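Down below is the structure, laid out as structure tokens.
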Amino acid sequence: MTTRNFGKKEEQRKNQIIQAAFDVISSKGYNNFTIEDIANQAGLSKGGVLHYFKAKEDILIFLLERIYMVIEETIIKRSGKYRTPEKKMKAIIIAFIITAKRYPAMYTVMVDFWAQIPINERIKNINTKIFMIICSEVKKIVDLGIERKEFNDIDSNNASYLIVSMILNVAIQWTFNNTLYNIDHMTKTCMSMVMAYLKKRPMLSQAGQ
């Protein structure tokens, strides 16, 4: 077997384990599963799983990174289709909702990870790092709008935290109970609120005053 084929097989096996971990956690919860559960779901032995990941926590960290990567790739891909800051921002908002619709278990699994933050410093640090990466993508759009004088001259860091936190919570609550609200209508409302916050209002004409 060539080195290239070996590397490809290793990556495929890792993905197999991560998908199994995702399936197990989404059905059993973060605290209620074992390495054996993941191995059985993946069709491997416990030793086969531990060959690729030395401990249960290593699997979980890798899975958390993979979840955020899917979200990040989705928002970058969708926002990259447009040129104006407003359309880019709306595309990012939609991207969070698209993720919820396509992979509803992804957000519920992520919340399981969040519950570990007070007791697991490693998960806390990874979560903070990746959350900042996602916010940085939103910040780029806010900065672009400010630069083009289409958005208000606001603190783009705070704006990015606000936007990501709001739309992420809208998506997560819907995945918990999709009868709570119409997600498409809620998305439009989020867009309107974000644009009202970001966009400059046209100056009132002085004529007639």
Just one of (1) of a type outside the set (Val, Ile, Thr); (2) in contact with a strand residue (DSSP E or B) (Cβ under 7 Å, 6 or more places away or on another chain); (3) crowded, with 17+ Cβ neighbours inside 10 Å trips up residue 150, so point out which.
-> (3)
Determine, yes or no, whether residue 50 is under 13 Å from the mean Cα position of the chain (by Cα) and among the aliphatic types (A, V, I, L, M).
-> no
For residue 50, the lone unmet condition from (1) outside any helix (DSSP H, G or I); (2) not assigned by TED's automatic domain parsing to the domain that holds residue 130 is (1)
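Is there a residue being basic (Lys, Arg), surrounded by fewer than 17 Cβ atoms within 10 Å (Cβ to Cβ) and more than 30 Å from residue 199 (Cα to Cα) anywhere in region 69-87? Explain how you work it out, then say what you get.
Initially, region 69-87 is screened for residues basic (Lys, Arg), giving 77-78, 81, 83, 87.
Checking the rest, the ones that are also surrounded by fewer than 17 Cβ atoms within 10 Å (Cβ to Cβ) come to 77, 81, 83, 87.
Within this subset, residues satisfying the condition of being more than 30 Å from residue 199 (Cα to Cα) are none.
There is no residue in region 69-87 that is basic (Lys, Arg), surrounded by fewer than 17 Cβ atoms within 10 Å (Cβ to Cβ) and more than 30 Å from residue 199 (Cα to Cα).
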Return the only residue of 44, 60 being in a helix (DSSP H, G or I), of a type outside the set (S, T, N, Q), touching a residue at least 12 places away in the same chain (Cβ under 8 Å) and out of contact with any strand residue (DSSP E or B) (no Cβ under 9 Å at 6 or more places or on another chain).
-> 60
Of the conditions (1) small (Gly, Ala, Ser); (2) assigned by TED's automatic domain parsing to the domain that holds residue 172; (3) touching a residue at least 12 places away in the same chain (Cβ under 8 Å), residue 29 clears all except one; give me its number.
-> (2)
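Outside any helix (DSSP H, G or I) and among the aromatic types (Phe, Trp, Tyr) - does that describe any residue in region 63-80? Walk me through it before giving the result.
Filtering region 63-80 down to residues outside any helix (DSSP H, G or I) leaves 80.
Checking the rest, the ones that are also among the aromatic types (Phe, Trp, Tyr) come to none.
No, that holds for no residue.
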Checking 172, 141 in turn, the sole residue that is in contact with a Lys or Arg (Cβ under 9 Å, 6 or more places away or on another chain), assigned by TED's automatic domain parsing to the domain that holds residue 86 and touching a residue at least 60 places away in the same chain (Cβ under 8 Å) turns out to be 141
Residues that are of a type outside the set (Ser, Thr, Tyr) and out of contact with any helix residue (DSSP H, G or I) (no Cβ under 7 Å at 6 or more places or on another chain), drawn from region 31-43 | 31, 32, 40, 43
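The values are calculated or read from the model by the stated rules, or taken from the named source; none is laboratory data. Owing to the predicted nature of the structure, the values given are computational and were not obtained by experimental measurement. Note that each Cβ is placed from the backbone with ideal geometry, even for glycine, and that neighbours are counted across all protein chains shown.
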